[in-house]
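K.L.:
Next up is a structure, given as structure tokens.
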């Protein structure tokens, strides 16, 4: 239990049902034993990753005043730039030593859900960098498709319809995020981490990380182990929403980022989340008289908003008095 499994998912793109089922079985085992695994054999090219990473570095190198033109704290639908220490993932530690850019499914200002002020719905807020918007919007679409391929593989072991997740991921609230972690010596204190220990909120996360390292995962023994960069892979992990759906059959595993010494770190997680009105309730095959449902029924939007309020100071309700 000292290294995460590496799964080649190439057969999920073939018509060989036996090979497809074998890959699905590997994913199921990793979800039950770890809640974390690497994937290789995916269709996202190294050229695409290099293009997106170059744009992210260009954006984070801009002056603060330029980045704050799309300040995430000034929007109700959680899009744009998050300055250093905007987030506090571990409430026992100082706010995180990282800056971020978040985008989601672009809905124009005149879309009915935007006009109705539905949470997490609205237009993206892109920086004025040539080629950025076209590239990022396409990358978002491609990462969403990859996430749904993995979710389709999970339906076999979870004993649900093959299109269960596909039908719930129409117009999703998935988030593509760019993260810059400054070198550790810039921390405000020895206690400040790149990203404090936490579990992800949603369904499934796909993470690209550069060569700097720093990601750590807590195994079932409670030990922190390194999840080092492996060229050509994504790190995949499950979030609390999937744990609720599966009645904790699938693990939502704590992880953290220790900012590396002397270098900047860049990562690009894609948080795959369903349509905001999706009911999150225990799947039929994940409960019985000996294993009743552990969690109350909620919706995707309600659950995510409750978690955001714990993490982002600007989203919390004002204190009385």
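Every number here is computed from the coordinates shown, using simple stated rules; none is lab data. The shown structure was predicted, so the numbers you read here are calculated from the model rather than taken from an experiment.
K.L.:
Summing -39500 (n - 2.57) over the DSSP H runs of n ≥ 4 in the chain and dividing by its residue number, what mean residue ellipticity at 222 nm do you reach, to the nearest 500 deg cm²/dmol?
P.N.:
-8500 deg cm²/dmol
K.L.:
At 0.890 mPa s and 25 °C, plugging the Kirkwood radius over alpha-carbon pairs of the range 90-166 into Stokes-Einstein gives what diffusion coefficient in µm²/s?
P.N.:
The Stokes-Einstein estimate is 155 µm²/s.
K.L.:
What residue among 78, 255, 106 has the largest mean-square fluctuation in a Gaussian network model of the chain, using Cα springs under 10 Å?
P.N.:
Of the options given, 106 has the highest mean-square fluctuation.
K.L.:
Could you grab the Rg to Rh ratio for the range 157-292? Cα atoms only, Kirkwood for Rh.
P.N.:
1.03
K.L.:
Okay, moving on. Rank 17, 287, 69 by mean-square fluctuation in a GNM of the chain with C-alpha springs under 10 angstrom and give only the top-ranked residue.
P.N.:
17
K.L.:
Considering Cα pairs under 8 angstrom that are at least six residues apart, work out the relative contact order of the range 1-122 and quote it in whole percent.
P.N.:
Dividing the mean separation by the residue count of the range 1-122 yields 16 percent.
K.L.:
More than 29 angstrom separation, counting every C-alpha pair in the chain; what % is that?
P.N.:
Value for the chain (Cα pairs over 29 Å): 35 percent.
K.L.:
Turning to a different aspect of this structure: Could you grab the relative contact order for the range 6-315? Cα pairs under 8 Å, six or more apart, rounded to a whole percent.
P.N.:
21 percent
K.L.:
Please build a GNM for the chain, connecting alpha carbons under 10 Å apart, and tell me which residue among 293, 61, 197 fluctuates the most.
P.N.:
Maximum fluctuation in the GNM of the chain, among the listed residues, is at 61.
K.L.:
Here's something else I'd like to know. Can you give me the C-alpha center-to-center distance between the range 33-103 and the range 122-139, rounded to a whole angstrom?
P.N.:
14 Å
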